[in-house]
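Notes to accompany the following structure.
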């Protein structure tokens, strides 16, 4: 029997119908989403343990899964027996006179505040706070039956989560193979990379939360014990547990410590309770600043580096949709959406959706190189430093607002932050065919201002001697986002025009860096295999273009790029300045 192929219209209608059915199913069965998400989270935590037992100890996978879940059930059963009595004992030992504390707060709030002849009466606030507290307490006394039903329902959900997670851990490899099999032809590798990127987001999140919780909890415990805060261990436990709440977790962990400091004071420091509370607050703020500046970037990794405003908005949206679970998972969900949108954006612009995978053991030897391709700005020309100087000159007016009052440092960070968005903007212009018009307009504006392109060039010290020496052995080319005319003007100005055989400017290829086409174009024009070319540049854009094309990549630190950024992008060689290349070769 001959199968009749569907027309394109039929395929689109069927696909649209399936998407609508899927969205409808998600809406109808939305109550199942939170336990499913929790089951997947549990799978991420337990699967590495099962994998280790299977690979290192040789335990059959089913037996390893049963063993890990048995240990989990034992630990969960011990929590009410061991942890709850301990917490109750710690709270009792605090011996807080909450009644006296409440009276002190009432007394403080009952005093009017006078500021610039304005009187603020806080009596209404006292009534509102007292009413809110009564509203919180009343349900515990009037909804006991509902609470019992809620406990029974929770136990049923917990059992369901454990069953789902058990099968996910047991058959994880089977599910992965199934996803690879159903991928459309030609997309298997890309979807595998997309899945790995998303997987890394969630692995970084769970690993980071555990490590951050342990480190912050331990640091708070030790610090509070040093200054004599009663029950410092309990404060450390709270700080570690509340790390799971983005942004607000550390703030919530600070409140109990402040209350204890105000009510009990220090066990040995000769400070009043008020000033001891100020000391505790300062230490908590210091710990949080060190965490945000040092621990989070190194533990969470680049995949979860999100602006606090983005996380805050995500928490609000997650809280509206999924309640507490949405608040806790806001950061990894936003990071996952960012990965997917980056993939879609790259496919829409016909760009490589992923960086080339860097080989861990890849070595670069001078004998493997026949041609050297140089970026212009920041590599041969100090225009990056000129841009920093120009912006720093304008920032001096607001120097007192800048970190360390350093206009140059702030200018460099601003220009580095703008490099990525500007590059993507010009890629979009390139796709729709407007890049030449926009860049040509910029050239005309510079000429109107009386600025000639050659007047802007300030060569990196030593590049002339370097290129004359390299010309004796290697083919040389320029690969730049500037126009060919500007590149030629620079070479003539420095007396290097006879040394460079090929120029790949923005008007020579349809795509610009980080697309690989400029690198491939230069290699083709030189008549050298691209895998025997070395691309030298100062930004990740240059490194990505080289690696995507199959060439070697050398990063120089005399421009905008930092060593960590260039290494992550896949640089095979890192040099402090461009002229060091001559010594290395």
Packing-based exposure ordering (other Cβ within 10 Å, fewest first) of 268, 521: 268, 521
Cα Rg over Rh - segment 199-342, Kirkwood: 1.04
Highest to lowest packing among 14-25, 544-555, 157-168, 482-493, scored as the average C-beta count within 10 Å: 544-555, 482-493, 157-168, 14-25
Residue order, fewest to most beta carbons within 10 Å, for 542, 173: 173, 542
Alpha-carbon Rg with Dmax, taken over segment 489-585, Å: 13.3, 35
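Rule-based calculations on the coordinates, nothing more; no lab input. These numbers come from a predicted model, not from an experiment. Neighbour counts run over all protein chains shown; Cβ positions are idealised from the backbone, glycine included.
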